[in-house]
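For reference, the structure discussed in these notes is given below.
The values are calculated or read from the model by the stated rules, or taken from the named source; none is laboratory data. Everything quoted here is computed from the prediction, not taken from an experiment. Neighbour counts run over all protein chains shown; Cβ positions are idealised from the backbone, glycine included. The accessibility values were calculated without ligands, DNA or RNA, using every heavy atom of the protein model including side chains. Shrake-Rupley method; radii C 1.70, N 1.55, O 1.52, S 1.80 Å.
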Amino acid sequence: MSAPETPAPPAPPDPPAPPAPLPFADSLWLAPLTMGGNLPYRRLCVEFGAQVTVGEMAVVRKLLRNDPAEFALLKSHPDEPCFGVQLADRSPDSLAEGARLAESRGARFVDLNCGCPIHEITRRGLGASLLRKPGKVARLIESMAKAVRIPVTVKLRLGWAEDEQNVRSVAKACEDAGAAAIAIHGRTREQRYSRAADWDVIGAVAAERGIPVVGNGDILTHYEARERRRRSGVTALMLGRGALISPWLFRELRQGREWLPTPEERVGVLWRLVELQREHFGVDERGQKRARRFLAWHLDFLHRWRALPEAEFAAEAAEHPLIHRRSPLPDASRPALERLLADPRKATHETLTDALLPCPTRDEALERCRALAASLTFEEGAEEPDASVTPAG
């Protein structure tokens, strides 16, 4: 009798399919912004047309210490079609572990911060200080890329200082090391936000590299975006301060025309942000405290919006970025609600926050805002505060 046939071993499972390509090119990005990049505000920007969102910068050493506040920065929402986690560190092994943590929590990509200019970060060898060491940046990216299956991107500035503008060599090192896309803020670390972004340099990098280059800096209107894309040749744009001042800027860029919301429509945007905050932070005392802190902070940017129609301001924008324009506050002839929303005083932002947070409906929010506007005294002839400062990311 012949021996029974030995069953064939089971076939090995098919390897997992590679991740679907992400829309890094020809897309609109919300920049990583400390405080401003919180989850509710990211969702608001997505509703207005943001296609790629990046969370607030997470410091890897805090993640490795299991800091709950730092892990909160890795959280995203299903509404975000392409969410990335930005990491700050200087160790290849630590960044590899940080990238794995981001991937395990659902990030679609992970970004290396080489652009943060603040001293607290750069003095530790993180952020923009890495621009001085292109070889090290390459090793960091290579380590991250080997650790995860999701793409690795990097955020750069033009260089450390005016006489150290080495972004072209750093960008080459990033691509050679495996970066899937490069975002460039068109200023040096030394310049912070004090000068106009240099889109000619961004364009030079875009022309040299074979991966998407995302341009960032001084985009406040759809026509400024159009001109910067034409001038630089980039297809992807990253919005920072412009998105904090008017989250509907994403809609304007996608439609190629301005939206000049009425004061009532702007209250509607604020109310939608309150709804998103309520959903994320909760309605208990702790959640309301967090929502109050974030909403008052956002009002410090949202109040800066002014109508800047292309027919009237395109020529001025060609001379100097409108984001640095110091616009006068609405005068007494303007509706009181408009003047309330443009009020730069922090006390007003806090009062407006307290008025909005408890409102159960949009209509009640509008009623409360109108009542508050009628009760306030406004200073005549005041100017918009300096818009050159923004959170790092």
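Below, the figures for the structure above:
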{"quantity": "DSSP-defined beta bridges in the chain - what % are antiparallel, rounded to 5", "calculated": "5 percent"}
{"quantity": "Ordering of 335-345, 84-94 by packing [mean C-beta count within 10 Å, highest first]", "calculated": "84-94, 335-345"}
{"quantity": "Compactness of segment 139-273, expressed as Rg and Dmax over alpha-carbon positions, Å", "calculated": "16.8, 51"}
{"quantity": "Relative contact order %, the chain, counting alpha carbon pairs below 8 Å whose residues are six or more apart", "calculated": "15 percent"}
{"quantity": "Amide H contacts under 5 Å for THR153, placed H, 5+ residues apart", "calculated": "VAL110, ASP111, LEU112, ALA180"}
{"quantity": "Residue-wise HN-Hα coupling along segment 139-156, computed from phi with Karplus coefficients 6.51, -1.76, 1.60 (Hz; x: Gly, Pro)", "calculated": "5, 5, 5, 4, 5, 5, 5, 6, 7, 9, 9, 7, x, 10, 10, 8, 10, 10"}
{"quantity": "GNM result for the chain, Cα springs below 10 Å: residue of GLU367, GLU224, GLU285 fluctuating most strongly", "calculated": "GLU285"}
{"quantity": "Stokes-Einstein diffusion coefficient of segment 136-176, Kirkwood radius over Cα pairs, 20 °C, 1.002 mPa s, in µm²/s", "calculated": "194 µm²/s"}
{"quantity": "Mean ellipticity per residue at 222 nm, deg cm²/dmol - from DSSP H runs of n ≥ 4 across the chain, formula -39500 (n - 2.57)", "calculated": "-13000 deg cm²/dmol"}
{"quantity": "Note, ³J(HN,Hα) from phi for segment 330-341, Karplus 6.51, -1.76, 1.60, rounded to Hz, x at Gly and Pro", "calculated": "x, 7, 5, 7, 7, x, 4, 5, 4, 5, 4, 5"}
{"quantity": "Accessible-area order (highest first, 1.4 angstrom probe) of the listed residues TRP259, TRP248", "calculated": "TRP259, TRP248"}
{"quantity": "Calculated P(r) of segment 65-185 - Cα pairs past 18 Å, %", "calculated": "48 percent"}
{"quantity": "Assigned charges on the beta-carbon of Lys, Arg, Asp, Glu; the chain dipole about Cα centre (debye)", "calculated": "920 debye"}
{"quantity": "Sequence-distant residues sharing a close amide H with SER246 (under 5 Å, placed H)", "calculated": "none"}
{"quantity": "When segment 293-339 is reduced to its Cα atoms, the Kirkwood hydrodynamic radius in Å", "calculated": "12.6 Å"}
{"quantity": "Flagged links, alpha-carbon separation over 30 Å, of LYS133/LYS346; LYS146/LYS289; LYS62/LYS136; LYS75/LYS136; LYS62/LYS289; LYS155/LYS346", "calculated": "LYS133/LYS346; LYS146/LYS289; LYS155/LYS346"}
{"quantity": "For the chain, radius of gyration divided by Kirkwood radius, i.e. Rg to Rh on alpha-carbons", "calculated": "1.04"}
{"quantity": "Semi-axis lengths, Å, segment 184-341, gyration tensor of Cα atoms, sqrt of 5 times eigenvalues", "calculated": "30, 21, 14"}
